[in-house]
Amino acid sequence: MYDQEMLAKLQATWPETTDYLTKLGQLNNDLMVLREMKAADEHTPSWLELLGYSEDDFLKTPTAVEVLRFLNQQGIVVQSRLTVPKFLEFHTDQEELYKAGEESTPEVLEVSPPLELRDEYDAMLWALPELQKKLVEWAKQTASRHGSPAPLMTLTQATILMLVVEALDHDLNKSPGWQAECLQSALSSEFYQKAAHPLP
């Protein structure tokens, strides 16, 4: 019924013609427009569309400092971060400023604007086995909590989960049900599954 009404409305906009082929062309155009309108009506936006992200946003590699900051927010401390001299330097400076009453926190990972390190120092942090292990452990626990136990998880999958959780933290819809649904969708997504078998 809806289709016939819409078709009649579209036909009413046709210029007058007695040419059979022109009428056929107009009819075909209208039927195509109707199909497109129907497809748009029936399209259910994915969790990615609803969040306003694309797969690429979750496939990028975060900096090691971003990972450390994220783990710190989860209450997970990577002790070996202090073995990277440049990080230790910033850490010590922050503690001194805190003791002098010039900063509100002794933790350099909690400062605003966030700490940034040059690529070479960030790479040293990324190379820490403890940082990788703790991120993967956090991700395994998160996957298990959402019904997708992953005894074997790659570092790429762990960073995907971290970025999804961060995106959900920034999302205006804070409902636990919605967030759990998005995480389950991420865990079953093709790009997450593919990250289990990284290309050599």
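Exposure check, 1.4 Å probe, all protein chains in place: THR18 carries approximately 140 Å² of accessible surface. One entry in (1) 56; (2) 60; (3) 40 is percent of Cα pairs over 23 Å apart calculated from the shown coordinates; its label is (2). Per-residue extension of 0.36 nm, minus the Cα-Cα distance of THR83 and LEU97, leaves a gain of 3.0 nm for this segment. The figure for LYS86 is an accessible area of roughly 60 square angstrom, using a 1.4 Å probe on the protein chains alone. Computed from the C-beta positions of ASP169 and ARG118, the FRET efficiency with R₀ = 22 Å rounds to 0.25. Calculated FRET efficiency, ILE76 and ALA196, Cβ-Cβ r, R0 22 Å, to nearest 0.05? Efficiency, rounded to the nearest 0.05: 0.45. Against the main long axis of the alpha-carbon atoms of the chain, helix 2-11 sits at an angle near 70°.
Among ALA139, LEU51, PRO106, whose Cα projects farthest towards the positive end of the dipole of region 43-151, with charges put on the beta-carbon of Lys, Arg (+1) and Asp, Glu (-1)? Towards the positive end, the residue furthest out is ALA139.
The values are calculated or read from the model by the stated rules, or taken from the named source; none is laboratory data. Source: prediction; values computed, not measured. With ideal geometry, Cβ positions are generated from the backbone for all residues, glycine too; neighbour counts draw on all protein chains shown. For the accessible areas, the whole protein counts, side chains as well, though only heavy atoms, and no ligand, DNA or RNA atoms are used. Shrake-Rupley method; radii C 1.70, N 1.55, O 1.52, S 1.80 Å.
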